[in-house]
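Written out below as structure tokens is the structure these notes cover.
The values are calculated or read from the model by the stated rules, or taken from the named source; none is laboratory data. Since this is a predicted model, take the numbers as computed values, not measurements. Counting neighbours? That spans all protein chains shown, and the Cβs are built from the backbone with ideal geometry, glycine included.
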Amino acid sequence: MTRRRELRVRHSGLPGLAALLAIVCAGALQGAYAQSLTTVSWGGSYGRAVNEGINIPFTAETGIRINVEDYNGGLAQIRAQVDVGNIHWDVVDLEIADAVRGCDEGLLELIDVASMPPGADGTPAEDDFTPDSRTECGVGAVYWSTVYAYNSENIPGEKPATMADFFDLDRFPVRRAMRRVPQVNLEFALIADGVPLDEVYAVLDTPEGLNRAFRKLETIKDEVIWWEAGAQPPQMLADGEVVMSTAYNGRIFNAQVLENQPFVIVWDGQLLDVGQIGIVAGTPRLEAALEYVAFASRAEQQAAVGRRISYSPTRRSGAPLVTTHVETGVDMAPHLPASPGNVDRALRYDWQWWVDNQDELNERFSAWLAR
Amino acid sequence: MLLVVPLLLFVGVTFLAPLGMMLLRSVHDPVVADALPETLGVLAEWDGEGLPPEAAYETIARELTRAREERTLGQVAGRVNRVESGMRSLFTRTARGLPEVTERPWREVMVELDEAWGQPAVWNAVRATGQRFTARHYLNAVDMQRLPDGSVARQPEERRIYLSLMWRTLWVSGAITVLCLLLGYPIAHLIAHSPPRRANLLLLLVLVPFWTSLLVRTTAWIVLLQTQGVLNDILVAIGLIGDDGRLTMIYNMTGTIVAMTHVLLPFMVLPLYSVMRAIPPRYMDAAASLGATPTQAFRRVYWPQTLPGVGAGSLLVFILAIGYYITPALVGGSSGQLISNMVAYHMQTSLNWGLAGALGGIMLAGVFVLYVLYDRLVGIERLSLS
């Protein structure tokens, strides 16, 4: 009896197995013939903007499917893939310092900016991209910045307006949050300490300047909570865990516009940086990847991202196309880091200086934190 | 025996081999040696005083240009930069600016490109990173450095970080182990000596968090403990603290210890429970009938029999705690970071895998020492995991 049942089970199992095999084979074939690309970005509200502004229209136009993966920056995963020779990431959204380092280390493909499509007004690509948004292996994607923002409901009376206010415990005896890395914070400390914007990196480059920056940070250390992921600052501001926080401007914008949070961005002393897209070296889908990068760097597509999250295009011809927010119709100009008015008191992030000093300063910063 | 071969192969390929490679990386780094062989040959004869001979400038100019063409320059520059900040851009800038041929001495050309080439520090850094086998990462991992003259000295004070983090990791793991034992022992006792139905229910309560994602549990603690969180709200509502006197229980060491104790508690309860269940209740009755007070009976009859479980649970919790990094990263703030957070940083961000390997190697050695100590003191054959 048992025997027979066993037999029957076996029989009924066979067709199922065959069907499974057929599905697996079909999947493999489809993978081989229908083109697909894996693009990697930062997730969250920015990832959504890239998906709606670039990925979906790209698939509609070319038929190439896009698999999206999220990461939190850094070159470790790219290096692992290139070292092993098993590349499954094709296009990556990079911080400019990583784009340069990755290029130096041979982890990224060289991209000729002249091969990118011309601007919306017909300007050749090499003139359309702002010079500081171009590197050998990366094409400029967005201008983004680190600013500080506060929750206006939790600051009665006088509001903070300058970088110095963020470091002023007497006038604003509230808790703050900062990113747990030395970069940006040391610059902010010097700006708050009265160093003119164009001298910040020159001062940082001296031992006395570094000590000065750490001393300034020391004055607020007891009131600082340190964040790591870009989604944390809006969360902590909303919870009331902190009243002021440094943050990526786009994340604060999203909380303001989509969640009606009473957050205010202070643009004074903002640190302006460029995000780039690059192609992982040795990808077997190089042609499609180049096609994607060319598509993503169109002025129209940059603007489509800019109309979903407040990051400015790196193409001159893209800037005027960023008009209103797609969902709410809010005028974008006052929210963009590179808009006149906002950019007046901006410091350009000197990635070159940080590439040189990162290792040493991270040890020093960690030691300082632990004390 | 043959049936075990696949498992052994699996363990070898997925565990022992990567571990070995990581340890190898911590002492072996051929990148600079491979890229600048001739320069290092010339530098081998240099006494380290003043500047090296013209031949060194000539060879490094040639080898830097070649490294740039082969796109290995970034790796070379990054390695040297770890010994001397500023070298990365010096190398990439120089390689970009070097002429192919020159009539003038190379030293003049290079010093003109960047005056750093006129300083011995650059050459010492090149020579230091040019060794294929090096103890540099291990020295760095214990806050030491090798000076240009070859002697070993401590890092300048503001860069000493790893030793203090290691001590902190040890005492935090120890504290968590003790807390887990104090909390887990009564729970395990209760479960082991409850009627089956209730025991199953209690066991389920221990296991459900065990099966829940680590991230979910850690985030739950953030919700509970933060300044505007549930616990503070309750304390304010019952008037124990004022609204402006809310306690800081997270983003510091308290948060790390509380969250990690909770996460690791099942690893203590389960071995204890399995050991306790095997202890017949009649032993305690017998002790009582022979005149022992409950305390005496516990101390002399019950407790010794649970020792294998206590040992197993403590060892398990302690070793897991030493390697934890997600929980401290999320709830640890600045004072709750552990050594594994630095390992993760060097793996993912700074790409200094040599140093990450050295830190990992030291931790591994620490665990081995612990294991041996345990074997000597308690005896490993008394360890009971099930």
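If we only count helices (runs of 4 or more DSSP H) wholly inside region A:93-199, which ones have 3 or more residues that are modelled with pLDDT under 95, surrounded by 22 or more Cβ atoms within 10 Å (Cβ to Cβ) and within 13 Å of chain B (Cβ to nearest Cβ)? Don't jump to the end; show me each part of the working.
On the way: elements: A:96-104, A:125-128, A:163-166, A:185-192.
The helices (runs of 4 or more DSSP H) meeting that bar are A:96-104.
Filter region B:307-346 for residues that are within 11 Å of chain A (Cβ to nearest Cβ) and polar (S, T, N, Q); which is farthest from A:E241 (Cα to Cα)?
B:N341
Which is under 30 Å from A:A177 (Cβ atoms) and under 13 Å from the mean Cα position of the chain (by Cα), of B:G366, B:G323? Steps first, please.
Numbers: B:G366 fails: under 30 Å from A:A177 (Cβ atoms).
Of B:G366, B:G323, the one residue that is under 30 Å from A:A177 (Cβ atoms) and under 13 Å from the mean Cα position of the chain (by Cα) is B:G323.
Considering B:G379, B:G357, B:G311, which residue is among the small types (G, A, S), surrounded by 17 or more Cβ atoms within 10 Å (Cβ to Cβ) and farther than 20 Å from B:C180 by Cβ?
Values: B:G379 fails: surrounded by 17 or more Cβ atoms within 10 Å (Cβ to Cβ); B:G311 fails: farther than 20 Å from B:C180 by Cβ.
None of the others qualify; the one that does is B:G357.
Quick check: anything in region B:146-164 touching a residue at least 60 places away in the same chain (Cβ under 8 Å) and within 19 Å of B:F267 (Cα to Cα)?
Within region B:146-164, none of the residues are touching a residue at least 60 places away in the same chain (Cβ under 8 Å) and within 19 Å of B:F267 (Cα to Cα).
With respect to A:W353, determine if the residue is within 14 Å of chain B (Cβ to nearest Cβ), surrounded by fewer than 22 Cβ atoms within 10 Å (Cβ to Cβ), closer than 22 Å to A:D273 by Cβ and not basic (K, R).
Numbers: within 14 Å of chain B (Cβ to nearest Cβ): yes; surrounded by fewer than 22 Cβ atoms within 10 Å (Cβ to Cβ): yes; closer than 22 Å to A:D273 by Cβ: yes; not basic (K, R): yes.
Criteria met by A:W353.
Scan region A:220-239 for residues that are modelled with pLDDT under 90, more than 10 Å from chain B (Cβ to nearest Cβ) and within 12 Å of A:R251 (Cα to Cα) and report the count.
Looking only at that region, the number is 2.
Which condition number does B:G255 fail, the rest of (1) buried (at least 17 other Cβ atoms within 10 Å of the Cβ); (2) closer than 30 Å to B:T306 by Cβ; (3) small (G, A, S) being met?
With (1) buried (at least 17 other Cβ atoms within 10 Å of the Cβ); (2) closer than 30 Å to B:T306 by Cβ; (3) small (G, A, S) applied to B:G255, the lone miss is (2).
Can you tell me which condition B:S85 does not meet? The list is (1) more than 14 Å from every other protein chain (Cβ to nearest Cβ); (2) in contact with a helix residue (DSSP H, G or I) (Cβ under 6 Å, 6 or more places away or on another chain); (3) surrounded by fewer than 18 Cβ atoms within 10 Å (Cβ to Cβ), and all the others hold.
Here B:S85 clears every test but (1).
What number goes with the only condition from (1) away from chain A (no Cβ under 14 Å); (2) at pLDDT 90 or above that B:R66 does not pass?
The number of the failed condition is (1).
Could you tell me which residue of region A:66-84 is surrounded by the fewest Cβ atoms within 10 Å (Cβ to Cβ), considering only residues that are assigned to a helix (DSSP H, G or I) and among the hydrophobic types (A, V, I, L, M, F, W, C)? I'd like the intermediate steps shown before the answer.
Within region A:66-84, the first condition is being assigned to a helix (DSSP H, G or I), and the residues that meet it are A:76-84.
Within this subset, residues satisfying the condition of being among the hydrophobic types (A, V, I, L, M, F, W, C) are A:76, A:78, A:80, A:82, A:84.
Numbers: A:A76: 17, A:I78: 23, A:A80: 11, A:V82: 21, A:V84: 8.
So the residue we want is A:V84.
What are the residues in region A:203-216 that are within 11 Å of chain B (Cβ to nearest Cβ) and under 27 Å from the mean Cα position of the chain (by Cα), if any?
A:D205, A:L210, A:F214
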